[in-house]
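One structure below.
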């Protein structure tokens, strides 16, 4: 994605440009791609979006004396990250949501024990997050739910005018990725991928070395994600209750950002450079 605002006379959206780059190796030009694949409705939608939207890259968060947080999903991962949030000064957790009310109660007790006020609890069904995101005392929504819920929860939060941080994968179709981009740019609110492997000590150390020029001009990188998940996938609690289903539906790397995320940061992807194609 460009960090420059597209020219009004351009006939290609950023989405079309990315598609064109991926197909360049087989001789398909950007013009023919636009003509062949963009329906009239999509072209009109792109033009309307282009007229009012611009990239969120480089846009700073508004300064806050206290960051007010709402959490959707306080199971295994959400509770672990809640504990980390409570250790950060000037972070107030004002609301929690989960389909299991007991998990919300446990989270509320943790928040109160940390010296904060009892949070609002949202546990009235699988769409109660839609009530949480409308609160006027929240700046950021953090999402730690089963993967198929990430996109609807991200979109609900952005459309309610909240910044969002979501566990990975944020989405698993290209159309849903673009829905998030469009919603973020329309709302002028960030959607942050909470990719822990981008922010661990080793990765941030290398990133600082790259930015300091200690490794020269990077021209090649390799990355991978190797993790024995059998214990988690075959347990009958927590993530095992939903996560193994995804491994039966898709034969792929289910969240490639573990390996690719740090590498993309080292190579300034979407901040001066971009992927040519992805397989």
Using the 2.2 N^0.38 Å rule of thumb for compact globular proteins, work out how the stretch 67-194 stacks up: its C-alpha Rg over that value, please.
0.98
Please report the orientation-averaged projected area of the stretch 161-223, defined via the convex hull of its C-alpha atoms, in nm².
6.0
How far apart, in nm, are the 7 Å Cα→Cβ label points at residue 40 and residue 57?
3.4
Could you tell me how far the Cα centroid of the stretch 158-174 sits from the Cα centroid of the stretch 57-75, in Å?
13
In terms of the Cα gyration tensor, with a ≥ b ≥ c the square roots of its eigenvalues, is the stretch 126-279 rounded because a/c is under 1.5, prolate because a/b exceeds b/c, or oblate?
oblate
Reduced Cα scattering model of the stretch 118-174, Debye log10 I(q)/I(0), q = 0.31 Å⁻¹:
-1.44
Could you sort the peptides 157-164, 185-192, 87-94, 130-137 by per-residue average Cβ neighbour count (10 Å cutoff), highest mean leading?
157-164, 185-192, 130-137, 87-94
What is the spin-label model distance, in nm, from residue 212 to residue 87 if the labels are put 7 Å beyond Cα along the C-beta direction?
2.5
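Throughout, read-outs are computed from the coordinates displayed, never taken from laboratory work. Since the structure is predicted, the reported quantities are computational estimates derived from the model, not experimental observations. Backbone-built Cβ (ideal geometry, glycine too); neighbour counts: all protein chains shown.
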